[in-house]
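Note sheet for the following structure.
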Amino acid sequence: MVEELRRLIRLSVSTAPPAAETAALTAQLAAVADRLEAHRPDAPLPRFLGPEDGPASGPPLAGTMPFDIVVGGFNPLALPVRLAFEPPRALGYATFTVAYEGAPGCVHGGALAATFDIVFAAANAIAEATGPTVRLDVRYRRPTLIGEEAVFEAWVTEVTARRVFSKGRIVQGGILTVEAEGEFAVLDHERVRQMASGRRAASQRAVPGTPGRPGESGGPDDGPDDGT
């Protein structure tokens with residue numbers, strides 16, 4: 001089903017059926033969405049899988065995040081990007097489609113930054129120093145093209161008691177197109193789980209449609225600014 005949804009996303013931004021055909025297709029898609037919505041579970045699906053959920057359904061990291069926007073096999077917004085581990089480096093392989101286009105024929109910079117974030121996470125996992133992103137700097141040197149494989153490379157440059165620093169790049173057709181640097185807070189897995197649980201509980205308590213104020217639980221002031 002997810003593969004067909006990915007196909008629909010690609011087609012929705014690259015086809016131009018007549019108005020009557022578009023209306024008919026929209027009605028059919030609405031009917032499918034209604035049928036699917038009828039199967040929404042009472043409890044939200046788990047966004048991350050741990051050992052208690054059984055074996056991962058894919059390679060390391062990607063297999064534990066089936067709904068991730070970059071590598072999630074169950075998320076139609078993801079390509080998904082394919083990760084590979086060649087210690088001390090992590091690699092990400094991606095051929096972006098027109099759905100990820102920014103400038104004509106080129107991959108949107110936001111899609112590239114999001115992919116760097118997860119490839120950095122893979123490199124940090126190799127170094128056994130994982131945690132949330134504190135800073136991500138991206139330098140776009142040349143356009144990264146749609147429809148051509150882009151290879152992301154990431155490696156850890158320094159690990160301290162509270163931070164891990166990583167660097168990365170994109171090579172496409174033998175050409176360096178993007179460079180990036182990241183800084184990440186070092187947290188143990190239990191702390192990350194507690195943070196996720198706290199955000200989830202805060203979201204469930206919040207009034208629907210009412211954004212949190214800065215400084216409130218779950219608001220934009222939350223996060224590992226001090227590395228704790």
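The values are calculated or read from the model by the stated rules, or taken from the named source; none is laboratory data. Note that this is a predicted model, so its numbers are computed, not measured. Don't worry about glycine lacking a Cβ; one is built from the backbone with ideal geometry, like all the others, and counts go over all protein chains shown. For accessibility, only protein heavy atoms count, side chains too; no ligands or nucleic acids. Shrake-Rupley method; radii C 1.70, N 1.55, O 1.52, S 1.80 Å.
Table for the structure above
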| read-out | value |
| --- | --- |
| Matching residues in segment 127-143 - criterion: being in contact (Cβ under 8 Å) with a residue 40 or more places away in the chain, outside any loop (DSSP other than H, G, I, E, B), open to solvent by 50 Å² or more (accessible area, probe 1.4 Å) and under 26 Å from GLY173 (Cβ atoms) | LEU136, ASP137, ARG139 |
| Search result, residues across segment 87-110 that are farther than 10 Å from THR144 by Cα and open to solvent by less than 20 Å² (accessible area, probe 1.4 Å) | ALA90, LEU91, GLY92, ALA94 |
| Some residue of segment 161-170 being surrounded by 18 or more Cβ atoms within 10 Å (Cβ to Cβ) and under 22 Å from VAL13 (Cα atoms) | no |
| Qualifying residue in segment 31-40 (condition: in contact with a Phe, Trp or Tyr (Cβ under 9 Å, 6 or more places away or on another chain), open to solvent by less than 80 Å² (accessible area, probe 1.4 Å) and in a helix (DSSP H, G or I)) | no |
| Filter result (within 25 Å of THR64 (Cβ to Cβ), touching a residue at least 24 places away in the same chain (Cβ under 8 Å) and not basic (Lys, Arg)) within segment 4-43 | LEU5, ILE9 |
| Selected residue (criterion: most open to solvent (accessible area, probe 1.4 Å)) from residues of segment 64-85 that are part of a loop (DSSP other than H, G, I, E, B) and of a type in the set (Gly, Ala, Ser) | GLY73 |
